[in-house]
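So the structure is just underneath, and the comments pick up after that.
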Amino acid sequence: MATTILSAGITIEGELTSDDDIEIAGTVRGKISCKDAITIASGAVVEAELTASKVALAGAVTGNVVAEDRVDIQVGGRLIGDVRAARLTIADGASFKGNVDMDV
């Protein structure tokens, strides 16, 4: 499977849909849907609703996150929004403000 990469300096407004993994290092505003994994790199700014099988974030996300499997908020990651996932990990040094629903 290929990974779609949105590099730093790129800004997208609207809806992004992919069957493959997505890695975001730039800015996205809107909605992101992915059948596989979404990775939000350190320094990325995302103001969007995220839906995927797995979500890993080290950047800043404002919006609700729905994952079939897991959501990992990594060191330096910041999430403001609700999470619906079977598993959630929050690393030491990450921040999270919202509600969690693990009844998936």
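A few comments on the model shown:
- Sequence ranges 66-75, 81-90, 44-53, 94-103, ranked by mean other-Cβ count within 10 angstrom, highest first: 44-53, 66-75, 81-90, 94-103
- Across the range 18-34, rounded Karplus estimates of 3J(HN,Hα) from the backbone phi angles (6.51 cos²θ - 1.76 cosθ + 1.60, θ = phi - 60°) give 8, 8, 9, 4, 10, 10, 10, 10, x, 10, 9, 10, x, 9, 10, 10, 8 Hz, Gly and Pro being marked x.
- q = 0.16, 0.19 Å⁻¹, the chain: log10 I(q)/I(0) [Debye, one scatterer per Cα]: -0.57, -0.83
- Springs join every pair of Cα atoms under 10 Å in this Gaussian network model of the chain, and among Gly59, Gly93, Gly77 the largest mean-square fluctuation is at Gly93.
- Placing +1 on the Cβ of every Lys and Arg and -1 on the Cβ of every Asp and Glu, with nothing else charged, gives the range 3-101 a dipole about its Cα centre of roughly 280 debye.
- Approximate spin-label separation Lys97-Lys31, in nm, with each point projected 7 Å along Cα-to-Cβ: 2.6 nm
A short reminder: the numbers here are calculations on the coordinates, not readings from a lab. Just so it is clear, the model here is predicted, and its values are computed rather than measured. Neighbour counts run over all protein chains shown; Cβ positions are idealised from the backbone, glycine included.
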